[in-house]
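In what follows, a structure is listed as structure tokens, so that the remarks can point back to it.
What follows draws every value from the coordinates through simple rules; no lab data is involved. This is a predicted model, so every value here is computed, not measured. Positions of Cβ are backbone-derived with ideal geometry, glycine not excepted, and every protein chain shown enters the neighbour counts.
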Amino acid sequence: MTELSKVKIIAPSKLAGSLEGSKDFAKNFMKKYNIPTARHKTFTAENINQADSFLESMTPPYVLKADGLAAGKGVLILQDLTEAKKELRSMIIDKKFGKSSSKVVIEEFLDGIELSCFVLTDGHSYKTLPFAKDYKKIGEGDTGLNTGGMGAISPVPFLDDDFLLKVENKIIKPTIDGIKNEKMEYMGFVFIGLIKVKEEPYVIEYNVRMGDPETEVVFPRISTDVIDLFDSLGTPKFNQLTLKINPKHAVTVILVSGGYPKEYEKEKVITGLSDVEESIIFHAGTKQEENSFVTNGGRVLAVTSMSDKYQEALRLSYAQIQKLGFEKMYYRKDIGFDL
Ligand code: AMP
Ligand code: GLY
């Protein structure tokens, strides 16, 4: 600890961490501060008998969320009422996700397009970073299993000024005001998972960190020195600094190990890294050996490119990927397909 006493740390306090760590806490926070989100109710072993009538009052699909962290697996979206009732019991009574699901949030399903909003704050002032959109599914056309993220893009082309203003006024401002009002000490990033339903933004979830792979498209667009920014948090200088954003489009394509997100092999030699010139390579699941890099995880590399148009940025990343290789390398060839 003593070595860290002089190190400036950017992080939320434990209380603020509950915005990510407890869905029930986050939902109550949103309710209290009038932040648009899906209608919900929380259930535990004590009131589980009332859950059936709550589910019956909703229309399918049914969204069941384990209250605590469950490695990204704690959210179930079910079409069938009987199955929803059964799964709810399996979460609460049979502890399907361990202690994380002893409390379950049931909420209304929102049908729209998801996007990620990032805010840097010191708990008083804030700066909104570029918006991004990630691609979570393993398969093309957004099919198959969920992953940590297969690609991302920033800016998000379909957002207009009207919508951004709504996000600012209905979501970001009340969130920061709530953080202030609850006296949560907060220095760092608020990641607001949004869904755009028709022209209205709703909060799906909060995280108290940056997102991955969104970081790989958001940070390359920030031209202001981020160390200056971080250093100014909690001082008047933070307010005075202007956040300079590169108007170029950034895209990233993630190269993963064959088999991911199920079982996959590691220790595959990665070739071509030094041939890549026009893109930024971020190492995620790699390990340096004497003369080479080898794979050491499911998501191995992120290949980010920037250009005036996102189509051109994508073309650049895909062209650079042709130079890279490892046994059973896989990536989605359709990032941005839905734009
Ligand atoms: P969360 O962990 O709360 O972000 O939920 C994981 C994923 O489930 C989200 O990224 C959405 O794709 C989906 N999801 C969560 N809540 C809802 C909802 N109320 N309506 C529709 N989809 C949802
Ligand atoms: N890209 C989503 C996350 O970092 O949770």
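Taking the Cα centre as origin and putting +1 on Lys and Arg beta-carbons and -1 on Asp and Glu beta-carbons, what dipole magnitude results for the chain, to the nearest 20 debye?
It works out to roughly 720 debye.
Counting other Cβ atoms within 10 Å, which chymotrypsin sites (Phe, Trp or Tyr not before Pro) in the range 124-181 have at most 15 and lie in a DSSP loop?
Values: sites: 126, 131, 135, 158, 163; in loops: 131, 158.
Those that pass, being in a loop and sparsely packed, are 158.
Roughly how big is the range 227-308's charge dipole about its Cα centre, with Cβ charges of +1 (Lys, Arg) and -1 (Asp, Glu), in debye to the nearest 20?
360
Can you work out the Karplus-derived ³J(HN,Hα) for every residue in the range 58-66? Use 6.51 cos²θ - 1.76 cosθ + 1.60 with θ = phi - 60°, whole Hz, and x for glycine or proline.
So the Karplus estimates, Gly and Pro as x, are 9, 9, x, x, 9, 10, 10, 10, 4 Hz.
Which pairs break 18 Å Cα to Cα here: 137/268; 73/103; 73/136; 136/268; 127/196; 73/96?
Flagged as over cut-off: 137/268; 136/268; 127/196.
Could you tell me the distance between the Cα centroids of the range 23-41 and the range 124-156, to the nearest Å?
Cα centroid to Cα centroid, the span is 23 Å.
Considering amide H positions built from the backbone, and no H for Pro or chain starts, which residues 5 or more places from residue 245, or on another chain, come under 5 Å of its amide H?
Long-range HN contacts for residue 245: 223.
Springs between alpha-carbon atoms under 10 Å, Gaussian network over the chain: tell me which of 84, 51, 71 tops the mean-square fluctuations.
Among 84, 51, 71, the largest GNM mean-square fluctuation belongs to 71.
With a cut-off of at most 16 other beta carbons within 10 Å, and DSSP calling the residue loop, which chymotrypsin sites (Phe, Trp or Tyr not before Pro) in the range 45-118 qualify? Please list them. List each step's numbers first, then the result.
Values: sites: 54, 62, 97, 109, 118; in loops: 97, 109.
Here the sparse-neighbourhood loop sites are 109.
Roughly speaking, what is the centre-to-centre gap between the range 1-22 and the range 185-260 when only Cα atoms are used, to the nearest Å?
Their Cα centres are 18 Å away from one another.
Run lengths n ≥ 4 of DSSP H only: what is the helix-derived mean residue ellipticity at 222 nm for the chain, with -39500 (n - 2.57) per run over all residues, to the nearest 500?
After summing the helix terms and dividing by the residues of the chain, the value is -6000 deg cm²/dmol.
I need the phi-derived Karplus couplings for the range 107-120: 6.51 cos²θ - 1.76 cosθ + 1.60, θ = phi - 60°, integer Hz, Gly and Pro marked x.
Going residue by residue, I get 9, 5, 7, 10, 9, x, 9, 8, 8, 10, 10, 10, 10, 9 Hz, with x marking Gly and Pro.
Give me the percent relative contact order of the chain, please, defined on Cα pairs under 8 angstrom at least 6 residues apart.
17
Excluding residue 261 itself, calculate the net charge of residues whose Cβ lies under 12 Å from the Cβ of residue 261, where each Lys or Arg counts +1 and each Asp or Glu counts -1.
+4
Count neighbours as other Cβ atoms within 10 Å of each site's Cβ, and list the GluC sites (Glu not before Pro) in the range 28-106 that are DSSP loop with at most 11 such neighbours.
Sites meeting the loop and neighbour criteria: 46.
Hand me the tally of lysine pairs in the range 1-41: alpha carbons under 23 angstrom apart, and the pair either on different chains or 8 or more positions apart.
Lysine pairs meeting the criterion: 11.
Would you mind putting 200-213, 174-187 in packing order, based on average other-beta-carbon counts within 10 Å, highest first?
Working: 200-213: 19.7, 174-187: 17.6.
Order by mean packing, descending: 200-213, 174-187.
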